[in-house]
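Read the structure below first, then the notes.
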Amino acid sequence: MRPAPEISVITTTYNDVPYLSQAIESILSQTFTNFEYVIIDNGSTDETPQMLAEYAAKDIRIVVRRNEKNMGRSLARNWALELTRGKWVAVFDGDDISHPERLEKQIGYLSAHPEVDYMGTGCRPINKQTGESMPDRVIDQPLSHGQIYWKLCFDFPFHHSSTIGRRGLFIEAGGYPPAYPVCEDIFLWMAMAKRGARFGNIDEELLTYRVNTKPDHYALNQAVAQQLHRNHVASILKTNVSEAAFSIVWLTNAEEIYGPAPEADSIHSAEAIGILITLYRTLKAQNIFADEGKLLIQADLLGRIRKAMMLTDSVDGRYRPYEYQYAYQYTHQYTYQLPVISTVEGHTG
């Protein structure tokens, strides 16, 4: 058996043939070479099996396994995790592109910051359907642990396909939850946070990721994410968080507020502001913000309070910030019942 590598890269793929070769080549051409590459074909019905067999025959670092039918992303990723041997696990989707120095720069960061258990990078988004650049979707990543922890209460603090973390942390957190059709990455990050994981991000675009712009896909992600964040905040505060109040907290993710939100009354806005302030004080008391990002967190808190106040108006207005137009338009049409999971469970594929 070959010696264990420093990094295990894991990819799950399903009918990604138009993008898969470019994705695989981007990993094989990394400047950091001490890795294994575990790929799970999650029941593809296109030419994926033949393509993976050809790559595995040419590079001994590639480990390929196949599900005869699609088992969902979580079960496939958990199977990939079972097969890994590296100290670090790098996550990578089968339709994205890792920049040549991605792994080298991530290992360099982790060596310089030994307290960090899990981290990601900046990304360049492109339209999956057209391949066109999407500069309006570029998001400034929170860099410090405190900033990331704070953002995890409301939003996505990582680009999942750019992340790398300690293999043991994935296992301790229970892996990915099969019960979730989407947002399994958020669930995992919250499980890691509850176990005291330390987070980080590199402020550099080391991944090109393809954005699925289909409204229904975006809508389901937003609907499930909002419920997960609400549950997460409630667990931190150890109290119930009302859906109406948290919906206002959620809307403060928008860059700008252009008008009041329908059904947002003054009582719910006041309750939302109370949630934000209590959450900040709770996390501050736990020394979550004891890093260089604490002033930025305070600024974000004040910005969210301002937006919560602007969302309430007696005039019948409409909430349509460009950045979150689908979030408002579609999540109110989706109803998704989150599975009841009292603890984070480990599952295998």
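Can you pull out every residue in segment 168-225 that is among the acidic types (Asp, Glu) and not in a strand (DSSP E or B)? Steps first, answer last, please.
Going residue by residue through segment 168-225, those that are among the acidic types (Asp, Glu) are 172, 184-185, 203-205, 216.
Across segment 168-225, the qualifying residues are Glu172, Glu184, Asp185, Asp216.
Confirm whether Ala4 is of a type in the set (Gly, Ala, Ser), out of contact with any helix residue (DSSP H, G or I) (no Cβ under 9 Å at 6 or more places or on another chain), surrounded by fewer than 17 Cβ atoms within 10 Å (Cβ to Cβ) and outside any helix (DSSP H, G or I). Spell out the reasoning first.
Details: of a type in the set (Gly, Ala, Ser): yes; out of contact with any helix residue (DSSP H, G or I) (no Cβ under 9 Å at 6 or more places or on another chain): yes; surrounded by fewer than 17 Cβ atoms within 10 Å (Cβ to Cβ): yes; outside any helix (DSSP H, G or I): yes.
For Ala4, the condition - of a type in the set (Gly, Ala, Ser), out of contact with any helix residue (DSSP H, G or I) (no Cβ under 9 Å at 6 or more places or on another chain), surrounded by fewer than 17 Cβ atoms within 10 Å (Cβ to Cβ) and outside any helix (DSSP H, G or I) - is met.
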**Q.** Residues that are surrounded by fewer than 20 Cβ atoms within 10 Å (Cβ to Cβ) and modelled with pLDDT of 90 or more, drawn from segment 207-224
**A.** Thr208
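Every residue in segment 35-52 that is out of contact with any strand residue (DSSP E or B) (no Cβ under 7 Å at 6 or more places or on another chain) and either part of a loop (DSSP other than H, G, I, E, B) or surrounded by fewer than 17 Cβ atoms within 10 Å (Cβ to Cβ) (or both), please.
Step one: filter segment 35-52 for residues out of contact with any strand residue (DSSP E or B) (no Cβ under 7 Å at 6 or more places or on another chain), giving 45-47, 50-51.
Result: Thr45, Asp46, Glu47, Gln50.
Per-residue answers, yes or no, for (1) under 22 Å from Gly122 (Cβ atoms); (2) assigned by TED's automatic domain parsing to the domain that holds Leu301; (3) touching a residue at least 40 places away in the same chain (Cβ under 8 Å):
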position	(1), (2), (3)
Gly165	yes, no, yes
Met192	yes, no, yes
Gly196	no, no, no
Ala234	no, yes, no
Ser242	no, yes, no
Phe246	no, yes, no
Thr252	no, yes, yes
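Looking only at segment 7-22, count every residue that is under 14 Å from Ser44 (Cα atoms) and either within 21 Å of the chain's Cα centre (by Cα) or not in a loop (DSSP other than H, G, I, E, B) (or both) and tell me the total. Explain how you work it out, then say what you get.
Taking segment 7-22 first, the residues under 14 Å from Ser44 (Cα atoms) are 11-20.
From what is left, the residues that are either within 21 Å of the chain's Cα centre (by Cα) or not in a loop (DSSP other than H, G, I, E, B) (or both) are 11-14, 16-20.
Total satisfying the criteria: 9.
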Q) Can you find a residue in segment 84-93 that is of a type in the set (Val, Ile, Thr) and free of Cβ contacts under 8 Å to residues at least 24 places away in the same chain? A) no
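Within segment 115-135, is even one residue in a loop (DSSP other than H, G, I, E, B), loosely packed, with under 14 Cβ neighbours inside 10 Å and modelled with pLDDT of 95 or more?
Within segment 115-135, the subset in a loop (DSSP other than H, G, I, E, B) is 115-117, 128-132, 134.
Next, only the ones that are loosely packed, with under 14 Cβ neighbours inside 10 Å stay: 115, 129-132.
Now narrow it down to the ones that are modelled with pLDDT of 95 or more: 115.
Yes, the conditions are met somewhere in segment 115-135.
The values are calculated or read from the model by the stated rules, or taken from the named source; none is laboratory data. It should be emphasised that the depicted structure is a prediction, and the values quoted were computed from it without experimental measurement. Here the Cβ is made from the backbone with ideal geometry for all residues, glycine too, and neighbour counts use every protein chain on show.
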